[in-house]
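Chemist: Quick one: structure below, then a few questions.
What follows draws every value from the coordinates through simple rules; no lab data is involved. Remember, it's a predicted structure, so these values are computed and weren't measured experimentally. When we count neighbours, we look across all protein chains shown, and the Cβ atoms used for this are built from the backbone with ideal geometry, even at glycine.
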Number of protein chains: 2
Amino acid sequence: MNRIGLCGYGTVGQSLLKLIKNTDNTIPSNISDKFIVSMIADRSIAKKKYDKSITVTDNVMDLAKSEEIDIIVELIGGTDVAYDVVITAIKNQKHIITANKALIAEFGDEIFELAAKNNVFVGFEASVAGAIPIINTLTNNFANEQIKSIIGIINGTCNFILEQMSSSNLSFNDALQKAKQLGYAEADPSFDINGTDAAHKISILASIAYKIKSPLKNVTIEGIEKITSMDIKYSRELGYMIKHVGITNISDQGIECRTHPVLVSSNNILSNVNGVMNAVMLTGDNFGTSMLYGHGAGGDATASAVLADIAQAINIPDKLKITNNHRDSLSLNSLDIIDNDCLENPYYLRIYAEDVSGVMAEITNILAKEKISIEAVTQHEPADTDSLIPIVMITDTVNTKSIDNVIKKIEKLPHVKDDVFKIRVLKINE
Amino acid sequence: MNRIGLCGYGTVGQSLLKLIKNTDNTIPSNISDKFIVSMIADRSIAKKKYDKSITVTDNVMDLAKSEEIDIIVELIGGTDVAYDVVITAIKNQKHIITANKALIAEFGDEIFELAAKNNVFVGFEASVAGAIPIINTLTNNFANEQIKSIIGIINGTCNFILEQMSSSNLSFNDALQKAKQLGYAEADPSFDINGTDAAHKISILASIAYKIKSPLKNVTIEGIEKITSMDIKYSRELGYMIKHVGITNISDQGIECRTHPVLVSSNNILSNVNGVMNAVMLTGDNFGTSMLYGHGAGGDATASAVLADIAQAINIPDKLKITNNHRDSLSLNSLDIIDNDCLENPYYLRIYAEDVSGVMAEITNILAKEKISIEAVTQHEPADTDSLIPIVMITDTVNTKSIDNVIKKIEKLPHVKDDVFKIRVLKINE
């Protein structure tokens, strides 16, 4: 009998207990041994409903040290208490299942190493893209593949806001308010909309795909705060949807790892990932291109992934194979994370200029001098009563340093007003 | 050391050997024991190139009986020789990896039972949707879920032909010719275009999802042969794409299992699955809706799935857990497969009528009498010089028996010419 200690009894924890109860008849057929949630720790457990047959405590460290617990399910979140619980539990030879992307992205290297020393399993399927089995697919099905690239829509809040701005023509702020009302954005949504959350997730995926230590500190991170309804509209006219993605890929030059908005061609299946849905597109040497799509958040979806990890923790023969391998291989790849300045992409540029003759020529001359081709350009009517005209263009592939250099020059033109806004365009084979 | 015997050395077999050779450095980290392809059997091996260090034979039964082989990889195809090889190999205590959907769909019940008796593993990830890890996802990640429905674009040939008819305005025959030229359709493409291949695949998925014996004999099967460019055009006008899908779902009434063309709303992500790509959409109680997308065929993609199964066969602790469970649970669900007559769907109807007044009224009166609502209707200009006008309508949800009854009545109308053609419309929550 495997005894599970549940740390954190919020939405996901409650969904997990419900799921275990509901599927009681079917679980035994695919899990090799019995298990029970025998203890729950939550600092406000006194105020919550729980099955009185389960031992409860308001001190999570009780569980991390308890001799009555074999597997810790960490659903506390954050990296303070959760870190202490996980480290202590591992030192006490407990297997760990966590949905905590910040913890794995920031402290995964230390956690995996300690887990290997203590012969315990660490499952973190729920930490990236909720119910989408991306961790299992990378560590099992595609384990023998050279993964060339991963592109993921991995933040449901961003995806919902961008889609609302597109489908309902809402401003960024109105779309954010709607997301809050529907429970798709937290009271303080900063980590979702500024890219931090997606950076945690793409770091975890890069670490598995390329067998490297967590690249979090070197990830290029941009959010969606500066995107306007105009950008969405102009992009659509040019045949693109704006999506916030995490990208990691490998080449002889090194490993790219970044998260930012991109223009995705309407022909690309990623452009059809709407609402709060997540999707992760993988390209590999043999399997070609695959995409996994599903709910990235929510109590039930996350609990489903946690339960799949519990099954793994119980089923895996010596219970440490995957963890060990992950840890052992963390130094396999010695390629560096490519610096932001060197990342290459086509760009969408949105420029506001006074409606005077010659301004388009001045802008295109700057680009021509820097040998940057223009793939598409549109000049629009002024958006409102002010007389500035929006000029939108898609450039050829260019590195960050060059585009920033060109933007500075364009911004210095006398008839160009406001900052020039740039968004990367997803390359077809990225 | 696990010794593998490769039966059938065609495209997939050759890709597999190349893949194993290329990934030689990375495989050991995620497979718990060493393995080697030690024998190849192929009836025309004499004409093929192979690594001379590998023992070869033109008699596949040599491998099935050999004491020098632990795992048989069956890539022969069909159900004659492949059946004999697999049954003999299992009786000789060899694990089986197969990409053969016909074999698993038609003889899976017998194979799994025999495998359980002989303590061997049967891996068949490659039999459905190539490199898409749908079998692993169902048997592991979503094992503790009640799967409500599966909708899959699981025949790349059909999907390519339908997309060509749509994007390039080709006739069915021209699109089929193009598919043959590009190697996406076989010389005799019957099994792909008449739905047999998709029926095999959806039977396998239904069997796993609902823990039932293979429902193949009760699957409703329709192909794409009768779909015209006109149907594609009219559907698109109404906001739909035509896709060939396999569908299985469960309700209190029983289990549905069927494969046929459907109209898919352009808002549904399935409508964006183009070319020869496959996609399987799953709905479950907790994870919500997920979709797995990728290459459904091709030597490298299939070999990738075969290698993932080899890893499973070697890694799985007692090497029979999954097989055993699958077998043990085959009688778990006693629900019947719902008869075709009782399947309920909205329908697309295409009717050719003479251009005389009152014909639309006659048709809509028949539908009204049978209490079938019309969701949309369009009347078109005659397609060419003949004077028949095409009338296209989308009905409310109705069962097969009722729609066939109505169609018979419409066909008897004096001004209606040709047969009435029907295509199901995919329900949103199907």
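Chemist: With unit charges on the beta carbon (Lys/Arg positive, Asp/Glu negative), name the residue among B:259, B:403, B:157 whose Cα is farthest towards the positive pole of the charge dipole of chain B.
Modeler: It is B:157.
Chemist: In percent, what relative contact order does chain A have, based on Cα pairs under 8 Å that are 6 or more apart in sequence?
Modeler: About 17 percent, as a whole number.
Chemist: What ranking do B:286-295, B:130-139 get when scored by the average of other Cβ atoms within 10 Å per residue, highest first?
Modeler: So the peptides B:286-295, B:130-139, ranked by packing, come out B:130-139, B:286-295.
Chemist: Same structure again: Quick query: amide H of residue B:222 versus all other amide H atoms, modeled in the peptide plane; which residues come in under 5 Å with a sequence gap of 5 or more or a different chain?
Modeler: Counting only residues 5 or more places away or on other chains, the set is B:259, B:260.
Chemist: Of the residues B:206, B:143, B:129, which exhibits the maximal mean-square fluctuation in a Gaussian network model of chain B defined by a 10 Å Cα contact cut-off?
Modeler: In the Gaussian network model the winner is B:143.
Chemist: Further question: Can you give the mean number of other chain Cβ atoms that lie within 10 Å of the Cβ atoms in peptide B:126-134?
Modeler: Mean inter-chain Cβ contacts per residue within 10 Å come to 3.
Chemist: Give me the Kirkwood hydrodynamic radius of chain A in Å, from all C-alpha pairs, to one decimal place?
Modeler: Mean inverse Cα-Cα distance, inverted, gives 23.1 Å.
Chemist: Quick one: Karplus J couplings for segment B:351-363, per residue in order, coefficients 6.51, -1.76, 1.60, θ = phi - 60°, nearest Hz, x for Gly and Pro?
Modeler: Result, rounded to whole Hz: 10, 9, 9, 6, 7, 10, 5, x, 5, 4, 5, 4, 5.
Chemist: Would you calculate, for chain A, the mean residue ellipticity at 222 nm contributed by helices, counting each DSSP H stretch of 4 or more residues as -39,500 (n - 2.57) and dividing by all residues, to the nearest 500?
Modeler: That calculation yields -10500 deg cm²/dmol at 222 nm.
Chemist: Full extension from residue B:213 to residue B:88: what is 0.36 nm times the residue separation minus their Cα-Cα distance, to one decimal in nm?
Modeler: Length gained, residue B:213 through residue B:88: 42.8 nm.
Chemist: With the label 7 angstrom out along Cα to Cβ, how close does residue A:412 come to the same site in each of the other copies, in nm, nearest first?
Modeler: Copy-to-copy label distances for residue A:412: 8.6 nm.
Chemist: Then there is this: Which whole number gives the average count of other chain Cβ atoms within 10 Å of the Cβ atoms across peptide B:135-142?
Modeler: The mean count of partner-chain Cβ atoms within 10 Å per residue comes to 6.
Chemist: Moving to a separate point now. Of the candidates A:38, A:266, A:357, which one comes out as most mobile in a Gaussian network treatment of chain A with C-alpha springs shorter than 10 Å?
Modeler: In this elastic network of chain A, the residue with the biggest mean-square fluctuation among A:38, A:266, A:357 is A:357.
Chemist: Give the nm distances, rounded to one decimal, from residue A:236 to the matching residue in every other copy, measuring between label points 7 Å along Cα toward the beta carbon; shortest first.
Modeler: In nanometres, ordered from closest: 2.1.
Chemist: Using the 7 Å Cα-to-Cβ label point, sort the distances from residue A:217 to its equivalents in the other copies shortest first and give them in nm to one decimal.
Modeler: Once sorted, the set of distances for residue A:217 reads 6.6 nm.
Chemist: Which residues' amide hydrogens lie under 5 Å from the amide hydrogen of residue B:149, considering only partners 5 or more residues apart or on another chain, with H built in the peptide plane?
Modeler: Distant-sequence amide H within range of residue B:149: B:283.
Chemist: Below 8 Å between Cα atoms, with a sequence gap of 6+, how large is the relative contact order for segment B:343-424 in percent?
Modeler: 49 percent
Chemist: How much net charge surrounds residue A:55 when only other residues with a Cβ under 15 Å from its Cβ are counted (Lys, Arg +1; Asp, Glu -1)?
Modeler: -3
Chemist: In whole angstrom, note down how far apart the Cα centers of segment B:171-246 and segment B:107-156 are.
Modeler: Result: 20 Å between the Cα centres.
Chemist: Quick one: P(r) of segment A:341-424 from all Cα-Cα pairs, 10 Å bins, percents rounded to integers, in order of increasing distance.
Modeler: For segment A:341-424, the pair-distance distribution reads 18, 56, 23, 3.
Chemist: What list of ³J(HN,Hα) couplings, whole Hz, do you get for segment B:189-194 from phi and the Karplus terms 6.51, -1.76, 1.60, once you set θ to phi - 60° and write x for glycine and proline?
Modeler: Each residue's phi maps through the Karplus curve to give x, 3, 4, 6, 7, 8 Hz.
Chemist: If you don't mind, there's one more thing I want to ask. Taking every residue in A:303-312, how many Cβ atoms of other protein chains lie within 10 Å of its Cβ, on average?
Modeler: Mean inter-chain Cβ contacts per residue within 10 Å come to 4.
Chemist: Around residue B:214, what is the net charge, scoring Lys/Arg as +1 and Asp/Glu as -1 over all other residues with Cβ under 9 Å from its Cβ?
Modeler: 0
Chemist: If neighbour count is taken as other Cβ atoms inside 10 Å, put A:415, B:380, B:95 in order from fewest to most.
Modeler: B:380, A:415, B:95
Chemist: Could you list which residues have their amide H under 5 Å from that of residue A:55, counting only those 5 or more apart in sequence or on another chain, with H placed in the peptide plane?
Modeler: So residue A:55 has HN proximity to A:40.
Chemist: For the residue pair residue B:404 and residue A:167, what label-to-label distance in nm results when each label sits 7 Å from Cα along the Cα-to-beta-carbon direction?
Modeler: 3.8 nm
Chemist: May I ask you to evaluate 6.51 cos²θ - 1.76 cosθ + 1.60, the Karplus curve with θ = phi - 60°, for each residue of segment B:281-289 and list the ³J(HN,Hα) values in order in whole Hz, giving x for glycine and proline?
Modeler: 9, 10, 10, x, 4, 10, 6, x, 10
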